[in-house]
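Chemist: Can you keep this structure in mind? I'll have questions shortly.
The values are calculated or read from the model by the stated rules, or taken from the named source; none is laboratory data. Predicted model only: the values in this text are computed from it and were never measured. Positions of Cβ are generated from backbone atoms using ideal geometry, with glycine treated the same way; all protein chains shown enter the neighbour counts. Note: areas computed on protein heavy atoms with side chains; ligands, DNA, RNA excluded. Shrake-Rupley method; radii C 1.70, N 1.55, O 1.52, S 1.80 Å.
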Amino acid sequence: MGRIDIDGLTKVFGDGGDEIVAVDELNCAIEDGEFLILVGPSGCGKSTTLRCIAGLERPTDGKIVLDGDDVTDEKPKNRNMAMVFQNYALYPHMTARENMAFGLKMTTDLSTDEIDRRVTETAEMMGIEELLDQKPKELSGGQQQRVALGRAIVRDPEVFLMDEPLSNLDAKLRTQMRTELQSLQQEFGVTTIYVTHDQTEAMTMGDRIAVLNGGELQQIGTPLECYHAPANRFVAGFIGSPSMNFFDVRLDESGDSPSLVHEAFAYDLSDELAADVVGRGTEFVLGVRPEDVRLAEPDDENVLATEVNVTEPLGDVTFVYLQIGGDQYTASFDGDVILDPGSTVEVTFPEDRVHLFDGRTGEALRNREPPSEDAEARLSV
Ligand code: ATP
């Protein structure tokens, strides 16, 4: 078992006038066997949250509950959680075998033979048996990280806690280790909490992601929920690459039908869209993902003439940077669309693809239509 309930977790560093609220009343339930990603920008409190769960940091307030037991004041070694760090934290003077065996020696009374058997078994399963007699400095970054993972797995913990474990690897190895880690997690079914600032890891690895900013939980949901139905502008901007385009707009109700006015265009609102903003103030943010910017067709409404600044053909898609008003925005078109820098192109933001956010609070007032009926039930603001 490995269900974790984080209840009002708060961690304040410093005292007096110099307080930093690293984690602010975080509530979150992680199911047994779930793979949860904690994601957010640098300094948002991800590592502190993980360290509180591990018992390496004492919460200022709130509780950590493991399978119904309050473990907030338990020592790390009594929590049956194994942590994997970004810098691997292998003992340099020990072989891979000794590194993997060390935790079992310190925290269990298993015989040396039994420990050796478990280490060999785990190493075979992970395909790292040939590394067992080598010391960390003889191993590549990827091999060291495999040994560090092996050391966590051999302990057979109820929970894995991983703090940016892949960030020291080069891009290709990171992609490979990402899938290896996912398969291992699925095979063992051990509850895993994984910290990253990399939104690609967040989108691809976990069952759910928890997005943090400034110590506060912004949203928790499946990767696609956070992508298509962000709770607020922060999540909308953080999840997805290239990032969502945002336009500061003002509601104008003086004409026949309401419209959202930007410095470079006016976006006429249908009754349906108007219902989400009318009566909620005047300042809003219109969001549209790069892949939802469309080349305009003859009968389209809300057509906007833009200038092409730069194009980046990637083969399957082409990123096109468009000048709209004083800023540059991104469109992602099919790879066979060829546009010349300096040319003018007419684009449109289809109504079923736009997001609307409150201009003051950033709260999502409307998200794009769910991508399919199946997904509809799962996607809500
Ligand atoms: P990163 O991705 O850069 O590691 P993070 O999201 O993991 O960032 P934390 O390391 O949890 O963020 O830090 C959250 C905030 O708490 C930051 O403002 C950080 O400076 C502060 N902080 C973390 N540890 C301490 C400490 N021991 N003493 C004082 N402040 C700290």
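Chemist: Considering the chain as a Gaussian network with a 10 Å cut-off on Cα pairs, which listed residue, V249, V310, V159, attains the greatest mean-square fluctuation?
Modeler: Looking only at V249, V310, V159, the largest GNM fluctuation is found for V310.
Chemist: Still on this structure, I have one more. Checking the a/c ratio against 1.5 first, then a/b against b/c, what shape does the Cα gyration tensor give for the chain?
Modeler: prolate
Chemist: Less than 19 Å from a label point 7 Å out along the Cα-to-Cβ axis of V12: which backbone N atoms in segment 203-224 qualify, by residue?
Modeler: The answer is 214-217.
Chemist: Hand me the trypsin sites (Lys or Arg not before Pro) from segment 24-65 located in a DSSP loop with no more than 15 other Cβ atoms within 10 Å, in residue order please.
Modeler: Those that pass, being in a loop and sparsely packed, number zero.
Chemist: To continue, here is another question. Please list, by residue number, every one of the GluC sites (Glu not before Pro) in segment 31-96 that is coil in DSSP and has at most 16 other beta-carbon atoms within 10 Å.
Modeler: Filter output for segment 31-96: E31, E74.
Chemist: Something else now. With a probe of 1.4 Å, find how much accessible area the chain has per residue, and write the answer as a whole number in Å². Display every interim value, and only then the final one.
Modeler: Working: 18080 Å² over 381 residues.
It amounts to 47 Å² per residue over the chain.
Chemist: Looking at segment 284-344, which GluC sites (Glu not before Pro) are in a loop (DSSP not H, G, I, E or B) and have at most 16 other Cβ atoms within 10 Å?
Modeler: Answer by residue number: E301.
Chemist: Need the C-alpha centroid separation for segment 13-38 versus segment 143-159, integer Å.
Modeler: Distance between centres, Cα-based: 24 Å.
Chemist: Please work out how many pairs of lysine residues in segment 4-233 are eight or more positions apart (or on different chains) and have Cα atoms closer than 23 angstrom.
Modeler: Here the count comes out as 14.
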